[in-house]
Structure formats: structure tokens, C-alpha cells
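Undergrad: Dumping the structure here so I can ask a few things about it.
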Amino acid sequence: MQIPLNGFEDFIGEIILERGFNYFSKGRVAEPIEIDKGKYEFDVRGSDDYLVRLTVKDNVVVDYTCDCPYDMGSVCKHVAAAIFFLQKDVLDLGNKQIKEKKEKKIGVRNPNDPKNVTEQVNIILGKLTLEDLKQFIREKSKEHVSFRETFLTSFAHLNDDYSKEYYVKHIKTILRKGMGKSGFIDSSSTHYVTISVNELLNAARIFLEKKRYKSCFSVCTAVMEEMVDALQYADDSYGNVSGCVSEALEILEEIISSDMEEEIRLMLLNYFVSAYVNDVFEDWDWHTEILVLSAMLVKNAEEGQRIISFAQNEEKDGYMENFTRDITLQVYKNTKNDEEINKFLEENISNPDFRRQLINKAIDNKDFDKAVKLAKEGLKLCKRNSIYDSDLWNNMLFRIAELQDDKEKVVEYARILFLDEYSRDKNYYDILRKNVEADKWKEFVEGLIVDLKKRKRNDEVKSVYIKEEWWDRLYEALKKDPSLSEVQYYEKYLKTDFKDEIVSFYEAGIFKYLKGNAERSHYREACRFMRRMVKLGAREKVDLMIEKLRKEYARRPALLDELNKV
């Protein structure tokens with residue numbers, strides 16, 4: 001999520017916002033260090049000291065991280081506190097609270113210092129000789145394990161002589177470093193472990209680009225095996241560890257898609273088969289994923305039959321229906337001719353994906369009658385079996401109608417797809433507008449509205465009113481349910497013709513809202529809607545509301561405090 005600095009309060013939950021402000025106001029946010037232009041590091045003091053990193057571009061926080069274990073939302077209170085610090089002058093929050101805890105602040109910048117860390121590094125690098133730099137790296141690599149590991153992983157791609165065993169050993173060292181005394185890698189340590197492993201995966205991608213497939217293979221298989229083991233003793237709440245395994249497998253899949261030599265093909269196929277037989281990834285989805293990749297690698301019937309037999313074993317449990325057919329199809333694509341492939345598809349046409357492939361083949365061959373027949377059969381099966389993928393076949397029929405330039409059919413299927421709440425891949429309303437005759441359009445739209453109302457799709461009805469600029473009807477629809485959120489959403493469309501009515505909706509909604517909600521976050525929300533009323537020119541009405549609320553809720557100091565800010 002990107003967070004605009006102006007109005008960041010609207011992008012962060014009320015509770016987190018309050019806690020973040022509390023941290024800021026108590027001086028728990030140290031002066032940030034600017035690493036590079038727009039990139040900041042903050043030390044935020046809580047139960048522990050946490051490191052927050054923010055990247056700001058064009059007054060928007062485009063990236064942010066915190067090494068705290070918070071996992072209940074996208075933004076933690078430490079990030080919120082750091083944003084308050086950045087905006088303290090804009091919000092006129094002052095520095096009083098920060099100065100009270102001055103002794104705890106770190107990283108205070110001397111005005112004569114370079115602007116950021118990057119400038120400091122560049123100044124020093126400009127004065128160092130190459131030999132001085134090399135000697136520094138040699139010495140620090142001996143003294144500091146973390147520096148050595150970072151250096152070796154960052155530049156692993158420069159040496160393709162390393163064996164898989166080397167990378168295995170290297171990853172084991174990284175994992176050991178992340179373990180606590182209990183032998184477990186907690187969520188915070190997992191984050192830093194995976195940063196190091198991802199450096200190795202970056203090296204694998206460089207090997208891939210340079211077509212050094214053996215080195216790429218060594219890195220990826222080492223990562224896959226060691227990180228899948230690490231899942232037994234690491235906190236993977238954020239999916240970082242499993243993400244490394246998946247990333248490594250994706251890189252190997254890219255090798256399969258490349259123009260590789262026979263030696264590399266056999267190396268990959270033999271590895272996947274061996275990993276499957278030895279249950280290296282047992283109980284994980286990767287166990288069957290490597291069979292899919294194996295099927296992509298086969299070149300002859302013997303290899304293919306072995307992979308198909310593995311797939312049949314997986315399907316015995318019953319939960320992997322169609323898996324064997326999918327694997328078999330992939331094998332056939334590598335080992336059979338088009339006639340045999342088509343025969344297999346037709347024999348297994350109950351599989352929706354196979355039917356779709358047959359329809360696409362018919363379309364490619366311009367056999368539109370066959371394509372329509374297959375799509376309509378799929379549609380009948382959907383209705384009979386109550387399977388909710390009818391939009392797949394209607395989309396196929398719509399596509400065929402477009403290719404045949406059959407306007408009547410285009411309108412028929414575009415209308416069906418517009419009314420289907422699950423079809424969102426095209427703007428069917430605009431397609432209908434282009435294909436329905438202008439003199440029949442209003443009547444056609446009224447028919448759409450009737451059908452939408454039957455389906456209780458009230459939001460879509462309002463959307464039609466907006467597209468047609470029928471503001472009177474939009475207002476009447478809103479009047480039936482003028483909740484604060486609805487009024488806010490439709491305000492921009494109605495404020496020109498119905499400004500006073502919108503203000504009245506806000507007024508009634510705010511009083512109703514405050515009767516059932518009594519926390520500060522609720523008061524802030526109510527006051528936010530009052531500010532919208534002020535922007536609509538209703539300052540006097542808002543003042544009267546505030547006066548009335550002060551009398552009615554005189555014992556709610558938090559509300560009175562928020563009303564002072566309106």
C-alpha cells in the first residue's frame with residue numbers, strides 16, 4: 001500500500017494511528033538517518049528498539065518496512081510514528097515532546113555533514129585506493145561473519161566454479177546464524193535470513209541471464225532443499241522461507257522455457273524425478289509441482305510414461321482429480337502429434353480446461369460452428385451440474401461473435417456477461433453502448449436496470465445512473481440508503497445539483513452514528529464528515545451541530561476535543 005503524506009491518516013487504521021501518535025508524542029522516534037534521497041531509517045523505541053525504513057517519492061510513502069513482529073495489518077504503530085515525525089512540521093505538532101527525551105535520541109545530523117549516507121559513502125570511496133578497499137574487505141570478512149556472508153552472497157554470481165555443496169554449506173551457515181538458543185528462527189530472524197538467501201537467488205538469476213545453467217541449478221536446488229528443511233524450525237508467518245523455495249523453483253522453470261542443451265534437460269529431469277522418488281518435498285505443493293515441470297521436460301514415451309505413473313499414484317487419494325490428465329496432456333504435447341493430442345482432449349472433454357483448449361483450436365482453424373457447439377455444450381453442463389463457471393463459456397461465445405462480427409450475438413453475450421456479477425474482464429457496458437443502435441439505447445438500458453434490480457444489484461444500478469448522468473434517479477436511489485459511506489461515495493456526482501440534500505444526509509448520518517459509537521476513533525470519523533460539510537459550504541450548519549453536540553454529549557471529553565478541531 002502506498003501512503004500519501006498529505007492525508008496519511010485516511011490510509012492507516014484508527015487504533016494504529018493513535019498508537020503511532022502516542023509513540024511520536026512521547027519522543028520514542030529518533031531523528032532519522034537519510035540513507036539516500038527520499039530513503040530514511042528511523043529508530044523507534046518500544047518494548048524493544050525497532051528499525052523502520054521509509055521510501056518517499058513525490059510526497060508519497062512508496063515503500064516501508066519495520067522489523068517488529070506485528071502481523072495484524074499492513075502498517076504497524078512504529079511506521080505510523082515515523083510518518084508522524086516526517087509530517088510534524090506540516091501538522092504543526094512541534095518538537096516539545098521530542099526535546100523532552102533528547103538524551104535518548106541518536107543519529108542527530110550536524111548541519112555541516114553530507115546530506116545522506118550515500119553521499120558520505122561516495123566521499124570516502126572517492127578517496128580510497130582500490131587496494132585499500134580490497135584489504136578492508138579481506139579483514140572485515142575474517143572478523144565479522146555477517147559481513148562475510150553478505151559479501152559472499154552478494155557476489156556469488158562472479159564465480160561459477162562453486163558446487164552445490166558449497167551453496168548448501170553457505171545456506172546452513174546463514175540458518176545457524178539466524179537461530180536462537182532454542183534452535184528456532186523467530187519471525188524477526190527469519191526476515192534477515194531470507195534477505196541473505198534472496199541474495200543467492202539474485203545470483204541465480206544472473207547465472208540464468210548469462211545462460212550458466214549449471215551454476216543456476218546448483219544455487220536453486222541448494223536453496224530449495226535447505227529452506228524446505230528450515231520450515232521445520234523457522235517462523236514462516238510471512239511466507240518468507242516458503243517464498244524462497246517457490247522463487248528457486250520458478251527460476252528452474254525459466255531454464256525449462258529457455259533454449260537449453262540436452263545435458264541440462266537431463267540434469268533437471270533426473271533431479272526432479274529423484275526429488276520426487278525420495279520425497280524431498282513431501283507434504284508440500286512442490287512435491288507435485290516438480291512432476292508438472294518433469295512433464296514439461298520429457299522427450300520420449302519412456303520418460304513420459306514414468307511421469308504419468310507418478311501422477312497416477314498422486315491421484316489415488318482422490319483429492320487431485322484431473323491431475324493425471326493434466327500431466328498426460330503435457331507429456332503428449334512433447335511426445336505426440338496434433339491428431340493424437342486432439343483425440344486425447346476429446347476423450348477427456350469433461351475437463352473444462354480441455355474443452356477450452358479444443359474451442360481455442362477450433363477458433364484458430366476458423367471452425368466457428370464447432371467452437372460454438374463446444375461452448376454451448378459446456379454451458380449446458382454448467383447449468384445441469386450447478387457449476388459457477390458459466391462466464392467462461394459465455395466469454396468464449398462472446399469472443400466468437402466478435403470474430404464473426406455478429407453484432408446481434410455480441411450484444412446478446414455482452415448483456416449476459418454484464419449482468420453476471422463474476423464477469424469483470426471487459427467493460428461490457430461500453431461494448432453494449434457501441435453495438436446497440438442509438439435510438440434503442442435508452443429502452444435497452446431500462447431493461448438492464450430491471451434485470452439488475454431483480455438480482456438486487458443496487459450498486460450496479462447506481463453505476464448505470466452515473467454512466468448515463470441520470471442524477472435525479474441517482475439521488476432517489478441514494479435517498480433510500482443514505483449511509484455516511486454511501487453519501488461520501490456519491491457526493492462528487494450529486495453535489496452540483498443536490499448540495500443541500502447531501503449536507504442534510506451528512507447531518508442526519510452523523511447524529512445517528514454518534515448515538516451508537518463512543519470511541520475517539522468514531523469521533524474523528526464523525527468530524528471528518530463534518531469537514532466535508534464545511535467544504536460543501538455548510539459552515540453555519542456545522543457550527544450549530546457542534547453546539548448541539550456539546551450540550552448533548554457534555555460528558556464525552558474526547559468528542560469535545562475532536563470537535564475543537566473541526
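Undergrad: State which residue is nearest to Glu476 (Cα to Cα) when the search covers only region 492-524 and only residues that are buried (at least 18 other Cβ atoms within 10 Å of the Cβ) and among the β-branched types (Val, Ile, Thr).
TA: Once the filter is applied, the top-ranked residue is Ile502.
Undergrad: Residues of region 399-429 being within 35 Å of the chain's Cα centre (by Cα), loosely packed, with under 14 Cβ neighbours inside 10 Å and at pLDDT 95 or above, which ones?
TA: Leu403
Undergrad: A follow-up question, please. Just to be sure I understand the filter: pairs with C-beta atoms under 8 Å, separated by 6 or more residues or on different chains, first member in region 450-463 and closer than 22 Å to Tyr493 by Cβ, second member of a type in the set (Ser, Thr, Tyr) and crowded, with 16+ Cβ neighbours inside 10 Å. Which pairs pass?
TA: Going by the 8 Å Cβ cut-off, the qualifying pairs are Lys462/Tyr490.
Undergrad: Out of the residues in region 32-50 that are of a type in the set (A, V, I, L, M, F, W, C) and at pLDDT 90 or above, state the one that is farthest from Val117 (Cα to Cα).
TA: Going through region 32-50, the residues of a type in the set (A, V, I, L, M, F, W, C) turn out to be 33, 35, 42, 44.
Applying the additional criterion that residues be at pLDDT 90 or above yields 42, 44.
Numbers: Phe42: 13, Val44: 19 Å.
The extreme case among them is Val44.
Undergrad: Would region 525-543 turn up any residue that is modelled with pLDDT under 90 and out of contact with any Cys (no Cβ under 9 Å at 6 or more places or on another chain)? Walk me through it before giving the result.
TA: The first filter runs over region 525-543 and keeps only residues modelled with pLDDT under 90, leaving none.
No, the conditions are met nowhere in region 525-543.
Undergrad: One residue is enough: does region 335-356 have a residue meeting the conditions assigned to a helix (DSSP H, G or I) and more than 30 Å from Leu403 (Cβ to Cβ)? Before you say what the answer is, go through the steps one by one.
TA: First, the residues of region 335-356 that are assigned to a helix (DSSP H, G or I): 335, 338-347, 352-356.
Restricting the remaining residues to those that are more than 30 Å from Leu403 (Cβ to Cβ) gives 335.
Checked against the condition, which is being assigned to a helix (DSSP H, G or I) and more than 30 Å from Leu403 (Cβ to Cβ), region 335-356 yields at least one hit.
Undergrad: Going through region 293-322 one residue at a time, which ones are within 21 Å of Met224 (Cβ to Cβ), within 32 Å of the chain's Cα centre (by Cα) and at pLDDT below 95?
TA: Passing the criteria: Ala311, Glu314.
Undergrad: Consider Ile359 carefully, then state whether it is surrounded by 16 or more Cβ atoms within 10 Å (Cβ to Cβ), of a type in the set (Val, Ile, Thr), in the same structural domain as Lys370 (by TED's automatic domain parsing) and within 30 Å of Asn395 (Cα to Cα). Talk me through it step by step, then tell me what you get.
TA: Details: surrounded by 16 or more Cβ atoms within 10 Å (Cβ to Cβ): yes; of a type in the set (Val, Ile, Thr): yes; in the same structural domain as Lys370 (by TED's automatic domain parsing): yes; within 30 Å of Asn395 (Cα to Cα): yes.
For Ile359, the condition - surrounded by 16 or more Cβ atoms within 10 Å (Cβ to Cβ), of a type in the set (Val, Ile, Thr), in the same structural domain as Lys370 (by TED's automatic domain parsing) and within 30 Å of Asn395 (Cα to Cα) - is met.
The values are calculated or read from the model by the stated rules, or taken from the named source; none is laboratory data. These numbers come from a predicted model, not from an experiment. No Cβ is skipped: glycine too gets one built from the backbone with ideal geometry, and neighbour counts run over all protein chains shown.
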